[in-house]
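Presented below is the structure to which this report refers.
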Amino acid sequence: MIPELGVRPRGPYSLALSARLSSDATRRFHDGVMTALVDGAVVRARQSPDGTVWLHGPAPAVERLRWILALDDDHSEFLLRFRDDPLLRHTLRAVRGLRPTRTATVAHALLRALCEQLIETRQARAIERRVVRAATPARGELHAPPTGEDLARFSPAQLRAVGLHARRGATLVRLCRSLDLERLRRLPTETAAQLIERERGLGPWSAGVICLFGLGRYERGLVGDLGLIKLVSALRGRWADASETAELLEPYGEWAGLASVYLLAGYGRGLIPLPAAA
């Protein structure tokens, strides 16, 4: 019989809020249950009314899912520090249990960053799914999370055939062949971010995506994110540029990555106070 582990998340946590938009080729969230293919095993997570998250599957994969869901990363300090923030105060009250759901591999976060460079999320996720399905074996409807080795086997032309822009495909192949991406987990956040930003085809936004979703770090904001550009534009009554999103995130300091997630969630829900003209 496969065991089930009950975990009390540290601080406020809602699986429904956190996993609602996290479905991809490697996992799905449906009817309150997260099902994922992790380390070759199918694992599941559900949350009971008392807040306990129940993880079902073999122990190593369950521990990995625990990290993917960020169950032990208490963000109470963020909620407390910015509870009266003029932009976030309504969002923090409405979705205080939200935490970003991470990718199982750093290579998957890199792929996501390259797919989503300045295009709409839905289109980007469709490209990402096609790449993952071409790269890794399936177990039922789910595919294994891609490693650097999986993605390094492609040529840029093969990636272009499944929808990834040629230049971005070339960047993905080059980095997966030349870097041990999982090694970034052992580096301080700023060191990892600087290494990412030095690479041709990447920049501050890609560093933010990889740090937030691939490394599980909250310090690096999503500078240049298209949704944040739209938010700044609405706040300032004119079209903003990517650099202005850095100004937006600067007050949040070491919480800039998590603030990015909450600002996007609040903007999408109409919870960010905007000028009347907007």
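Answer with yes or no whether L263 is of a type outside the set (D, E, K, R), modelled with pLDDT of 95 or more and part of a helix (DSSP H, G or I). In short, yes. For region 228-270, which positions are small (G, A, S) and more than 21 Å from A193 (Cα to Cα)? S233, A234, G237, A240, A265, G266, G268, G270 - these are the residues of region 228-270 that are small (G, A, S) and more than 21 Å from A193 (Cα to Cα).
Number of residues in region 24-47 that are open to solvent by less than 50 Å² (accessible area, probe 1.4 Å) and of a type in the set (S, T, N, Q) equals 2. Just one of the listed residues (V33, V62, V38) is within 20 Å of the chain's Cα centre (by Cα) and within 11 Å of L5 (Cα to Cα), and it is V62.
Taken over region 48-85, the criterion of being open to solvent by 40 Å² or more (accessible area, probe 1.4 Å), outside any helix (DSSP H, G or I) and hydrophobic (A, V, I, L, M, F, W, C) is satisfied by W54 alone. Scanning region 5-23 for residues that are part of a strand (DSSP E or B) and surrounded by 13 or more Cβ atoms within 10 Å (Cβ to Cβ) yields L5, V7. For L88, are the conditions met, namely being open to solvent by less than 10 Å² (accessible area, probe 1.4 Å), closer than 24 Å to E219 by Cβ, of a type outside the set (K, R) and under 19 Å from the mean Cα position of the chain (by Cα)? Considered against the rule, which asks whether it is open to solvent by less than 10 Å² (accessible area, probe 1.4 Å), closer than 24 Å to E219 by Cβ, of a type outside the set (K, R) and under 19 Å from the mean Cα position of the chain (by Cα), L88 comes out as no. Considering only residues in region 208-219 that are open to solvent by less than 40 Å² (accessible area, probe 1.4 Å) and either of a type in the set (D, E) or not in a helix (DSSP H, G or I) (or both), the one that is nearest to L88 (Cα to Cα) turns out to be Y218.
Exactly one residue out of L92, L21, L79 is in contact with a helix residue (DSSP H, G or I) (Cβ under 9 Å, 6 or more places away or on another chain) and at pLDDT below 95: that is L21. Within region 223-278, restricting attention to residues that are closer than 21 Å to R89 by Cβ and among the basic types (K, R), the residue that is surrounded by the most Cβ atoms within 10 Å (Cβ to Cβ) is K230. Within region 88-95, one or more residues are in a loop (DSSP other than H, G, I, E, B), over 18 Å from L212 (Cα atoms) and touching a residue at least 40 places away in the same chain (Cβ under 8 Å).
Do we find that L110 is assigned to a helix (DSSP H, G or I), touching a residue at least 24 places away in the same chain (Cβ under 8 Å) and in contact with an Asp or Glu (Cβ under 8 Å, 6 or more places away or on another chain) in this structure? Judged against the criteria, L110 is not a match. The helices (runs of 4 or more DSSP H) found entirely in region 115-207 that carry 3 or more residues being in contact (Cβ under 8 Å) with a residue 60 or more places away in the chain and buried (at least 16 other Cβ atoms within 10 Å of the Cβ) are 121-135, 166-178.
The values are calculated or read from the model by the stated rules, or taken from the named source; none is laboratory data. Quick caveat, the model's predicted, so the values are computed rather than measured. When we count neighbours, we look across all protein chains shown, and the Cβ atoms used for this are built from the backbone with ideal geometry, even at glycine. With ligands, DNA and RNA removed, areas are computed over all heavy atoms of the protein, side chains included. Shrake-Rupley method; radii C 1.70, N 1.55, O 1.52, S 1.80 Å.
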